[in-house]
Each structure stands twice: as structure tokens, then as C-alpha cells.
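The values are calculated or read from the model by the stated rules, or taken from the named source; none is laboratory data. Bear in mind that the values here come from a model prediction, so they are computed numbers and not experimental data. Glycine gets a Cβ as well: all are built from the backbone with ideal geometry, and neighbour counts include every protein chain shown. Heavy atoms of the whole protein, side chains included, go into the accessibility calculation; ligands, DNA and RNA do not. Shrake-Rupley method; radii C 1.70, N 1.55, O 1.52, S 1.80 Å.
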Amino acid sequence: MLIPLRPGELERLIPAVATGNQFAAALGNPQKILQRVMIASIGGVITLLISQSQVASRFYSLWLIVGVTILLYVLWSPIVEAGKRNSVLRAFSSVALFDGQISDVFTRERVEKRHEQANKRGELELVENRRTWMVLELVDEDGFLGQLRFPMEKNHQRIREGLRVRCLVFSNSRDFSNISALSDAWLPGQGLWVGEYPYLLRPAFEELCNRRLNY
């Protein structure tokens, strides 16, 4: 079942500014955090050194501001990244609340990273870091809607066929004949949230479902 959102509801569910969950997701893994720290440290130090030189003395205040901004890159970069991801979904012309079921559950192995590594004989070999992703096929009374994919965690093992699932559906067609994107999803019977990225403000979405679906 697809229920079109009313004016103003999408803005409450996916804000323009990053939420705490979105900031944490955009911050990334330890390797990505380290890269941001290195960029901020090197760029900030170089800029601050330039600001102390005689060449840049006339624009000391400007260089100082630039240097501090770069030093804070590790903080504002995830906010900008999350805001961009939010804006992609907020740009769709048609958004609806989906209330359906999981018709199938399966897993896929995805290569997260490839790198070359020397073996015991000194020969280079390709090493792949793989991660298990879970795939949910979603349906309602009108049939198949789409697939939701996300990295599998231990608590996802209790997800099975037939469970009720709710999420937002995005399209550029008013009749939703062509589904372009899905948000993260809520499984109300399990009290579980799943998805690759936490687009939705979860308490607000749960309240919307309780109000619009009389759950």
C-alpha cells in the first residue's frame, strides 16, 4: 500500500541538515576517519604556516579563518556529505509511505576493497575484503515493489519472509509507476530498523506510521 505524503511531512522525516545518525554514518569507518584527520591536519598546518609568512601578512585574518576551517574538516565534511545525500531524496517530486511485507530474504557477498599483497613466496596476489549484505524483496497487494540492501549484522538473522515492513518510496512519476529509490525501513513487529543509510528521523517516521496507518 502506497500512501502519498502530505505537504511538510517529508521535511520532518528527512531534514536538510544532517542528524546524529547520519553524521555517524557519513563519518565512515576508521580508515576513512583517519584520512579525514590527515587531510585536516596537513592542510590546516600548511595554511596556518602560510598565514605567518610575510607574503600573506596583509591577509592574515583570511588565512587564519581558512586554516581553522580546514582543521575542522573532520567535523564539517560528514555534515556536508550527509546533507547532499538527503537532498537527493528530497528532490523527488513524488513520495509515499509504503506498508507491505517481505516476500524473500537472501544474502549476497560484496567486495568492499581490493588490494595486492605479497605471499610467502614473495609473489603479489590480489586480496579481496568481502562483506555479507542482506537483500529484502518488498511486496504489497499490488505485487513486487523493489529490493532493500544493507550490510548484514547479527540482529538481522531474525528477519524472515512475511514480516511487515514500512519505508518511504520515491519517484518522479505521480502514479509511482517507476520507483526510483527507497529509504531505510522499519519492521514494526520486530522493533528493528534496516537500511544502508539512516535517511529517516526514526521517531518521527514511527509516529507518522502510527497516525496514518492506525497501527
Filter result (open to solvent by 50 Å² or more (accessible area, probe 1.4 Å), touching a residue at least 60 places away in the same chain (Cβ under 8 Å) and polar (S, T, N, Q)) within region 13-46: Asn21
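For region 126-215, give me every one of the strands (runs of 3 or more DSSP E) that falls completely inside it and has 3 or more residues that are surrounded by 16 or more Cβ atoms within 10 Å (Cβ to Cβ). Write out each step before concluding.
On the way: elements: 143-151, 164-171, 185-187, 192-194.
Of the strands (runs of 3 or more DSSP E) lying wholly inside region 126-215, those with at least 3 residues that are surrounded by 16 or more Cβ atoms within 10 Å (Cβ to Cβ) span 143-151, 164-171, 185-187.
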So which pairs qualify, if the first residue must be in region 158-182 and of a type in the set (Gly, Ala, Ser), the second must be part of a loop (DSSP other than H, G, I, E, B) and loosely packed, with under 15 Cβ neighbours inside 10 Å, the Cβ gap must be under 8 Å, and the two must be at least 6 apart or on different chains? Ser171/Ser93; Ser171/Ser177; Ser171/Asn178; Ser180/Asn172
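Of the residues Phe106, Phe170, Phe150, only one is farther than 28 Å from Ala18 by Cα and either aromatic (Phe, Trp, Tyr) or under 21 Å from the mean Cα position of the chain (by Cα) (or both); which?
Working: Phe170 fails: farther than 28 Å from Ala18 by Cα; Phe150 fails: farther than 28 Å from Ala18 by Cα.
On inspection, the qualifying residue turns out to be Phe106.
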Of the conditions (1) part of a strand (DSSP E or B); (2) of a type in the set (Gly, Ala, Ser); (3) open to solvent by 50 Å² or more (accessible area, probe 1.4 Å), Ala96 satisfies every one except a single condition; which number is it? (3)
